[in-house]
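Enquirer: The structure under discussion is supplied below as structure tokens; questions concerning it will follow.
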Amino acid sequence: MVSWPVSGSAPGSHKLICEDSLHEQNAYDGAPAVTRRLIGEVSVREDVLFLPDEQSAERARTGPLGWDGSCPFDEDQQSYSIDPRLERFTSGPWTGEIRTFAVQHPNPSRRHKGTERQSVAHVAVGVRHGTTMVYLRWQGPAGTDPAAALRTGHAAIMHTLGRLPVGG
């Protein structure tokens with residue numbers, strides 16, 4: 001996962017809740033990607049790839065959706081995912097999959113209290129149209145109603161996806 005500003009801290013100050021290191025290193029096997037990240041109260045990542053053929057576009061599409069949000073939180077604690085789903089997804093000419101889940105930390109350690117989010121909602125789509133592949137990820141605080149946070153993330157993803165050009 002990506003980082004958020006710590007409440008009351010200077011802009012640009014961030015703490016990690018956990019991250020998908022495989023995706024951050026290189027989920028696309030060296031294919032060039034146009035990436036945009038927006039980090040604030042919510043976090044958005046957008047990757048667009050133009051690949052030479054549909055087979056490589058499909059391989060790239062499935063790469064970043066493999067992460068289910070599980071990650072080590074502390075030396076002897078494990079975070080857990082709430083209602084993780086990976087489902088087929090179609091929107092206009094885009095086809096692929098959507099992954100949704102919320103991550104909750106069971107018992108935050110005292111040293112991290114107040115400096116990290118305790119729950120995060122995650123919505124991501126990996127879709128393609130021909131040889132164009134798009135990965136969109138939204139993450140925000142899950143709060144006391146993870147289902148509502150997931151609906152908010154889904155709406156944000158759909159808004160972005162609806163604005164992408166599909167002409168070739």
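Enquirer: How would you rank 142-151, 95-104, highest first, on the average number of other Cβ atoms within 10 Å across their residues? Show your work: numbers first, answer last.
Expert: Numbers: 142-151: 16.3, 95-104: 21.0.
Sorting 142-151, 95-104 by mean packing, highest first, produces 95-104, 142-151.
Enquirer: Return the sequence-ordered ³J(HN,Hα) values of the range 133-145 in whole Hz as given by the Karplus equation 6.51 cos²θ - 1.76 cosθ + 1.60 applied to θ = phi - 60°, using x for Gly and Pro.
Expert: Once θ is set to phi - 60°, the couplings for the range 133-145 become 10, 10, 10, 10, 10, 10, 9, x, x, 7, x, 8, 10 Hz.
Throughout, read-outs are computed from the coordinates displayed, never taken from laboratory work. Values in this document were obtained by computation on a predicted structure and should not be read as measured data. In this analysis, Cβ positions are derived from the backbone assuming ideal geometry, glycine residues included, and neighbour counts consider all displayed protein chains.
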